[in-house]
Each structure stands twice: as C-alpha cells, then as structure tokens.
1. Checking residue 114 against (1) assigned by TED's automatic domain parsing to the domain that holds residue 221; (2) touching a helix residue (DSSP H, G or I) at 6+ places or on another chain (Cβ under 6 Å); (3) under 24 Å from residue 263 (Cβ atoms), which single condition isn't satisfied?
2. Only one of 39, 59 is among the hydrophobic types (A, V, I, L, M, F, W, C) and in contact with an Asp or Glu (Cβ under 9 Å, 6 or more places away or on another chain); which?
3. Kindly provide the set of residues from segment 11-44 that are polar (S, T, N, Q), farther than 21 Å from residue 282 by Cβ and free of Cβ contacts under 8 Å to residues at least 40 places away in the same chain, ordered by number.
4. Residues to consider are 142, 161, 59; find the one that is out of contact with any helix residue (DSSP H, G or I) (no Cβ under 9 Å at 6 or more places or on another chain) and more than 30 Å from residue 289 (Cα to Cα).
5. Please identify the pairs in which a residue from segment 130-148 that is farther than 14 Å from residue 231 by Cα has its Cβ atom under 6 Å from the Cβ atom of a residue that is of a type in the set (Ser, Thr, Tyr) and in a helix (DSSP H, G or I), counting only partners at least 6 apart or on another chain.
6. Could you go through segment 14-35 and let me know if any residue there is under 19 Å from residue 106 (Cβ atoms) and out of contact with any Gly (no Cβ under 6 Å at 6 or more places or on another chain).
7. Restricted to segment 203-254, and to residues that are among the charged types (D, E, K, R), part of a helix (DSSP H, G or I) and farther than 27 Å from residue 163 by Cα, which residue is nearest to the chain's Cα centre (by Cα)?
Amino acid sequence: MLQKFFIICSGADAELLNTCSKGEQNKYAGIGATVFFTAVMAFIASSYALFTVFDNVYAAVFFGFIWGLLIFNLDRFIVSTIKKRDNVSQEFLQATPRIILAVIIAIVISKPLEMKIFEKEINQVLLEQKNELTLANKDQLALQYTPKIEQINQDIALLKAEVLTKETETNALYDVYINEAEGTAGTKLLGKGPVYEEKREKHDAALAELQELKTATTDKITGLESQIAALDIEYTEVVKNSQPIIDGFDGLMARITALDELPWLPSFFIFLLFLAIETSPIIAKLLAPKGEYDIKLQEEESILSSWVAQKLAQRKLIVSTDGDINQKIYEDLKGEEELYGYKKKKAEELLRLQADSFHDIQVKGLK
C-alpha cells in the first residue's frame, strides 16, 4: 500500500510500472517518497514562516498546507515530465525551471527556520538594537523639550541675577549708613546725624524694594519651575507612550536584519540544506539510470507517435483522393443535357415566382 502511494507521488504510470521488475518499482517508489517528504518539509517550513507573519497557528497551518500541496504537485509534475533519454543536457534543461524555483524557495523557507535556530542570538542583537533605539528616541524627543526648558532656566537665572543685583545695592547702602554712623566714611562724624538718617532711609527703602522683589521673583520662579516640571512630566509621558513601539520591534523584517548581523557561514549551510531538500526530487530523477520502465514508456510513446503519424497520413490521402474524385465528377456533369434542362426549368420557375411576388407588392401599394 505504501509503495503504491509513493509510486503515485512519483507521477509514474502505475499500470505500465506493474509490468516492470520489483527493482524498477522500488526505484520509482523511492522517487515518489522524495517528492512526498519534500512537500512535507515545505509544509512545516512554510507554516512556521507564515506563523512569524500572521502570529496565528490556524492561518499558518492552513496556508502552509496549501503551499505544501503546491510544491508536491509541482515536483510530481516536473519529475513525471522528465523523460530519461540518452541526452543528459536535455534532461537538465527540462529541470532548470524547477531548480531555479528551488533556489528561491530555499531562500524564503530557510530564513524563518534560521531565525528559530538562532533565536537566542537574534534576541540578544534585538535587545541591543532596542536599547540603542530607546536612547536615540529619548534624545530625539528631548530636542523638542530641551530648548523650552533651557529658555525657562535662563529666565530664572535672570530673575535671580536681578535679585542679587538689588541685594548687592542694598548691602552697599547698608555699609554706607553704618560707616556714616561710625564716622569712618561720609562726613566722618561719629553719631547718628541728619546725613546718617538720610542714608538710613535710602537703605530702608532699598531693603523694602528688595523684599518686594524677592517675593515677586519667588512667585515668578515658582511658576517657571512648575512649567519645567510640567514639561518633564510631558516628556516622560511621551517617552513612555513611544516605548511600546520600540518594545514591539521584533517583527519578521527586524529579525531578518538581526540575523544578517550574525556570522554568515551557519546560515549559508542551512540554506544549502534546504536547497538540497527542495531539489532532491529533481536530482533523484536526474541521477536515476535509464531502466525498464523508461524503455517501455519510450516504446509506448513511439507506438503512439507512429499511430498518430499514420492516421494523419491516411487523413491527408483521403482528403486528396476525395478532392480528385469530386473534381472529376463535376467535370463529367458539365456535358449532361438532362441536368442542364432540369436546372433551366427550376431557374424559370424561380424567376416566375419572383415576378409574381413583385407584381403583388406593387398592386398593394396602389390601393
């Protein structure tokens, strides 16, 4: 039963193969098994590849099964159409389209399995890339907020500088009236005279202005610092909202890119493995020696070709003979007086009928 199934998979003529030896049947059962297991491998590999895309088991298995059937039907068709002849180059030319397709399929199918095999290494590369993206994202978002915060800090610094300047001026007035009282400067008279009182009033006025300025400046600085805090909160929120996008940076394209950063030799050998699997049905058929089945099939085709050529030749001869006979018959009829009279009589009847019909139509038109 299993041998019959694999013979069906090989695309060979089962009835013709039954007339061959057991060894020949086993050979084509082996070719059919190669076709079948290639389709199974294509189903498994494509299902995993599609799972990385759809992230859905049922969809991946369904489309993977369709892909496996496609590969099975394609391999079976090509294997069955490669005829074993004495010309190896012609056989290879027949298999060339499938070999090209096998290279393409091997590239497409091997990549997802490479990503599964090197998953840990790819995850490490992706982690490094995510960290770099996170830092770059923070720096990029900071460019939107840093100028505003720096401007606010400059405003705060100006306000503090204004307070410091006023404080310096007030301290200077304080030194002036103290020195006046001590007699070390100004009038150099010891005691609290009129000049002292005047300078003390200037200092007190400046001190009051300083207190008012400090109060106003403190309110302004508090408002500016609250703006900085709001910007910091907004920046943190924007970074937090954009982080899931970076965390989700592990799709198929990202993993393929990460795989390309790994050493190429292991991936290349995996590609060669799948290329060998994909081309194995064709290689098996090309390497198989010409056997009893191939000879009998060639004989059947030769018989059919001879029969078709014979039928075509007979049909051409029949058409040619029939044409010659018809031509001779019509030439002989040209001299038949009876036939001439009969056709003349019928023509006269037709002309009379046409004349009567025309007359009737004209009469109706006059009424």
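1. The single condition residue 114 does not satisfy is (1).
2. 39
3. 18
4. Working: 142 fails: out of contact with any helix residue (DSSP H, G or I) (no Cβ under 9 Å at 6 or more places or on another chain); 59 fails: out of contact with any helix residue (DSSP H, G or I) (no Cβ under 9 Å at 6 or more places or on another chain).
On inspection, the qualifying residue turns out to be 161.
5. Short answer, once both residue conditions are applied: 137/242.
6. yes
7. 247
To keep it simple, each residue is scored yes or no on (1) modelled with pLDDT under 80; (2) in contact with a Lys or Arg (Cβ under 6 Å, 6 or more places away or on another chain).
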residue: 104; (1), (2): yes, no
residue: 107; (1), (2): yes, no
residue: 115; (1), (2): yes, yes
residue: 118; (1), (2): no, no
residue: 123; (1), (2): no, no
residue: 127; (1), (2): no, no
residue: 136; (1), (2): no, no
residue: 143; (1), (2): no, no
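The values are calculated or read from the model by the stated rules, or taken from the named source; none is laboratory data. All values derive from a computational prediction rather than experimental measurement. Because the Cβ atoms are built from the backbone with ideal geometry, glycine has one as well, and the counts that use them run over all protein chains shown.
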